[in-house]
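**Q** What follows is a single structure, and I will ask about it in a moment.
The values are calculated or read from the model by the stated rules, or taken from the named source; none is laboratory data. These figures come from a predicted structure and were not determined experimentally. For neighbour counting, all protein chains shown are included, and Cβ atoms are generated from backbone atoms with ideal geometry for every residue, glycine included. Accessible surface is based on the protein model in full, side chains and every heavy atom, while ligands, DNA and RNA are left aside. Shrake-Rupley method; radii C 1.70, N 1.55, O 1.52, S 1.80 Å.
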Amino acid sequence: MTVDSLEGQIADWRAYVATAPGVNGHDLDELEDHLRHQIAELTAAGLSDDEGFLIAVKRLGDVDGLSREYAREHSSRLWKQLLSAHDEPTRVSGGWVEALAFALGVAVAIQAGRIAAGFPDEEPTWFARNLSLIVLPFLAAYFARRRRLEIRRWVVTAVPFVLGAVVVNVYPWNGSSATEAFGSSSDTEVLAILALPVALWFVIAYPYMGGLLRAHERRMDFVRFTGEWFIYYVLIALGGGVLMGLTAAILEPTDVDIDQVAAWVVPSGAAGAVVVAAWLVESKQRVVENMAPVLTMLFTPLFAVMLASAALVYAVTGLGGAFDRELVGVLDALLVVVLALVLYGMSARDASTSSPSWMDGIQLGAVVSALVLDLMVLGTMVARIGDLGFTPNRTAALGLNLVLLANLAVAGWLAARFLARRTTFHRLERWQTTYLPVFALFAAAVVVVLPPLFGFR
């Protein structure tokens, strides 16, 4: 067994054990340390890495039911037969009362913020800037409590939210209304409003992972959680839309102003659904695990064909050198969606699978096509900046494209090597989890660095 193979086996084991609600980050660290210590002792005694891993898992299985369950579900693994067939442990998948409490808390908080902002007469920009700071701390607290974090890690989780609140409320923004902010009065403010939720979402990864920032497997778990959370949130939103439509139809003969009802109910529902969707991911995990491969298999080929066609058309016709501002924005959004789809597809895949499949080839095609489009967009942006100079929007767009270019280029190279069987899927996955903090830092830079750099204009 090579070092990469051993690390991959340990990563698989750790990722599975971490899915148990009763195992927090500290417990997981101790279990992994114990496993590695056993492997080190056995290999020092003359055993191979393969033999050491098998025996270490056997020993750990004697005291850890989750390890036995992991081996039982992965029946194709050689070391399954080494683990005793004890009764499966009971999994706790509830916690709905706790989730409901946090959901109600954020629903009340969002209404308090709207009232403080003068709703419905006024909608000052400070409310738009602070919207994510009102909602996302509840989600972070929900995970911190669910993972049973120590006080020290609660404080670490809270610090970025406090810093974000200070930045967006102390900076001397231009513009006085939400309408003006999303117009032309303050581009840096609009960028901050858009980037702050992204930066804070990465902050939520800390309590979700139990404070294990260096655990690559837990980072990929967070990628999977993000995709599943989005699916559930969309389903909740669709259900809420149907409910409001039926309510409007039922109350139409009455004198009730359904628009006023919706103006109060929808914001609270949208905010509360952030926590409810997270609880659904945690408690109904196996349901979405079955959906994820299907969604990936359905949408990845469609996006790959669309990207390849667009890249071919733009390259042949020469339109790639004259993208307008709106099309650049659309293409940037498309590149982000493609990257998210590739990441979600990786998170839904069994990392222990050593052989590439046809889907890996399709994903490589999507990545290569995205790279071609990204280079075209970069060429247009560089030319435009050379003619017209830097602006907040151009700078942010240029930075985003460079961040995407670096990620896609290395991902494409590793994917090609994986298809050629010259590297492992684990290495490709490790690249993506290592790169995730770059996206977080870029979003934070848009909020903190870009506004003063351009005089808050």
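**Q** Taking segment 409-457, which residues are over 20 Å from residue 345 (Cα atoms) and either in contact with a Ser or Thr (Cβ under 7 Å, 6 or more places away or on another chain) or not aliphatic (A, V, I, L, M) (or both)?
**A** Listed by number, the residues that qualify are 422, 442, 450, 451, 452, 454, 455, 456, 457.
**Q** Another one. Here are the criteria: (1) assigned to a helix (DSSP H, G or I); (2) within 25 Å of residue 427 (Cβ to Cβ); (3) at pLDDT below 75; (4) not acidic (Asp, Glu). Tell me which single one residue 9 does not satisfy.
**A** With (1) assigned to a helix (DSSP H, G or I); (2) within 25 Å of residue 427 (Cβ to Cβ); (3) at pLDDT below 75; (4) not acidic (Asp, Glu) applied to residue 9, the lone miss is (3).
**Q** State yes or no: is residue 393 surrounded by fewer than 18 Cβ atoms within 10 Å (Cβ to Cβ) and in contact (Cβ under 8 Å) with a residue 40 or more places away in the chain? Please lay out each step first, then the result.
**A** On the way: surrounded by fewer than 18 Cβ atoms within 10 Å (Cβ to Cβ): yes; in contact (Cβ under 8 Å) with a residue 40 or more places away in the chain: yes.
Yes.
**Q** What are the residues in segment 15-66 that are modelled with pLDDT of 70 or more and among the aromatic types (Phe, Trp, Tyr), if any?
**A** Listed by number, the list holds a single entry, 53.
**Q** Residue 144 passes all but one of (1) modelled with pLDDT of 95 or more; (2) open to solvent by less than 30 Å² (accessible area, probe 1.4 Å); which number fails?
**A** Result: residue 144 fails condition (1) only.
**Q** Moving on to the next point. Scan segment 132-175 for residues that are outside any helix (DSSP H, G or I) and under 21 Å from the mean Cα position of the chain (by Cα) and jot them down. Working first, answer last.
**A** Taking segment 132-175 and keeping what is outside any helix (DSSP H, G or I), we get 147-150, 171-175.
Matches in segment 132-175: 147, 149.
**Q** Let me ask you something else. Looking at segment 242-263 only, could you name the residues that are assigned to a helix (DSSP H, G or I), farther than 22 Å from residue 107 by Cα and of a type in the set (Val, Ile, Thr)?
**A** 250
**Q** Shifting gears a bit: Within the bounds of segment 81-103, is there any residue that is among the β-branched types (Val, Ile, Thr), crowded, with 17+ Cβ neighbours inside 10 Å and at pLDDT 50 or above? Full working, then the answer.
**A** Filtering segment 81-103 for residues among the β-branched types (Val, Ile, Thr) gives 90, 92, 97.
Applying the additional criterion that residues be crowded, with 17+ Cβ neighbours inside 10 Å yields none.
Checking segment 81-103: not a single residue is among the β-branched types (Val, Ile, Thr), crowded, with 17+ Cβ neighbours inside 10 Å and at pLDDT 50 or above.
**Q** Let me ask you something else. Within segment 346-372, can you find the residues that are open to solvent by less than 40 Å² (accessible area, probe 1.4 Å), over 22 Å from the mean Cα position of the chain (by Cα) and modelled with pLDDT under 85?
**A** Our first condition is that a residue be open to solvent by less than 40 Å² (accessible area, probe 1.4 Å); within segment 346-372, this holds for 346-348, 351, 356, 359-361, 363-367, 369-371.
Within this subset, residues satisfying the condition of being over 22 Å from the mean Cα position of the chain (by Cα) are 356, 361, 365, 369.
Across segment 346-372, the qualifying residue is only 356.
**Q** Condition first: modelled with pLDDT of 85 or more, within 20 Å of the chain's Cα centre (by Cα) and open to solvent by 40 Å² or more (accessible area, probe 1.4 Å). Can you find one or more residues in segment 186-195 that meet it?
**A** Just the residues of segment 186-195 that are modelled with pLDDT of 85 or more, to begin with: 187-195.
Applying the additional criterion that residues be within 20 Å of the chain's Cα centre (by Cα) yields 191-195.
Checking the rest, the ones that are also open to solvent by 40 Å² or more (accessible area, probe 1.4 Å) come to 194.
There is at least one residue in segment 186-195 that is modelled with pLDDT of 85 or more, within 20 Å of the chain's Cα centre (by Cα) and open to solvent by 40 Å² or more (accessible area, probe 1.4 Å).
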